[in-house]
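Worksheet: the structure to be examined is printed underneath.
Since every read-out is calculated from the coordinates, none of them should be taken as a lab result. Quick caveat, the model's predicted, so the values are computed rather than measured. Here the Cβ positions follow ideal geometry from the backbone for every residue, glycine too, while neighbour counts run over all protein chains shown.
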Protein chains: 2
Amino acid sequence: MPTIYHRVGIKTSAEKLFQALTTDQGLSQWWTHETSGADAGVRSIIDFKFNDSLVQFRVKEQIENKKVVWLHYGEMPPEWSGTEISFGFEVTDQQILLHMKHSNWQEASPFFAHCNLKWAVFLLSLKDYLETGQGKPFPNDVAIDHS
Amino acid sequence: MPTIYHRVGIKTSAEKLFQALTTDQGLSQWWTHETSGADAGVRSIIDFKFNDSLVQFRVKEQIENKKVVWLHYGEMPPEWSGTEISFGFEVTDQQILLHMKHSNWQEASPFFAHCNLKWAVFLLSLKDYLETGQGKPFPNDVAIDHS
């Protein structure tokens, strides 16, 4: 099944990257400023709000400073039903190479292509947040179209 | 086989987008400033230079203001052998939705993931070039790691 797969290199510590992926405070600095529910850890439901749209994930797995896996939980957007998002840490001398996958898509649709580019934008926002202190979470994210 | 697929929305004309994808002058404004060979059209070999690295494509197909297809031609990087890149135009009232695919990868490797994110960066550079007059071609491209 089609998978979105990105790799980004971030000069940070595994502790700080893990914090950015597993806490409301961290997630709100690079994906969407309205994030809640992450702090309860594995099995919790995280709510990500984008104005009137709600996207929900259940935290499936967290291995401290190594890996985070979310399973899509809510109903919106419908194409995300059954998809899973994982973040794997590859620590090197220079940086942490973060491997991000959004897997189990039904098809490589135009919406998949839209999300692929949009995930790139948010991963660069995560990189900026950790390296400069300033990410670009929604609604300050980089626009990729005029819809 | 794994495919990189991005969609980006650009407020421009089909003529200007086609020019940005089929001429040395256009390509040098968003991918790499050292581009040569594109002006000869279908069957020509385009050389894209990134400092000491050369990447070559043969122009396989060009449908004016609608579609461009390149087939990888040179030896570098090896993972790109046999891959193909296509740009398809979807014209709407608001914008042109550009569908970019880099297909026929042997595997969804970490290098594939690196290129996926890097294509996103260059497609946003293309969007900026056409909408603001200023892209970020190599060597002024956005860094996605510290290698």
## Note on the structure
From the option list A:V69, A:V121, A:V142, single residue qualifying as of a type in the set (A, V, I, L, M), part of a helix (DSSP H, G or I) and surrounded by fewer than 21 Cβ atoms within 10 Å (Cβ to Cβ) is A:V121
### Message
From the list A:L126, A:L97, exactly one residue is touching a Pro at 6+ places or on another chain (Cβ under 9 Å), crowded, with 17+ Cβ neighbours inside 10 Å and aliphatic (A, V, I, L, M). Which is it?
### Response
A:L97
### Task
Could you figure out which of (1) surrounded by 17 or more Cβ atoms within 10 Å (Cβ to Cβ); (2) under 12 Å from the mean Cα position of the chain (by Cα) isn't true of B:G88?
(1)
### Message
If A:E131 meets every condition in (1) more than 22 Å from B:A108 (Cβ to Cβ); (2) assigned to a strand (DSSP E or B); (3) charged (D, E, K, R) apart from one, which number is that one?
### Response
(2)
### Task
Name the one entry in A:H102, A:H146 that is touching a Cys at 6+ places or on another chain (Cβ under 8 Å) and within 14 Å of chain B (Cβ to nearest Cβ).
A:H102
### Query
Inside the range B:23-34, can you point out the residues that are buried (at least 22 other Cβ atoms within 10 Å of the Cβ) and either within 14 Å of another protein chain (Cβ to nearest Cβ) or touching an Asp or Glu at 6+ places or on another chain (Cβ under 9 Å) (or both)?
B:W30, B:W31
## Note on the structure
Subset of the range B:105-116, residues surrounded by 14 or more Cβ atoms within 10 Å (Cβ to Cβ), in a helix (DSSP H, G or I) and either among the β-branched types (V, I, T) or facing chain A (nearest Cβ under 8 Å) (or both), comes to B:F112, B:A113, B:H114, B:N116
### Query
Are any residues in the range A:18-65 within 17 Å of A:G88 (Cα to Cα), part of a helix (DSSP H, G or I) and touching a Leu at 6+ places or on another chain (Cβ under 8 Å), and if so, which ones?
A:A20, A:L21, A:L27
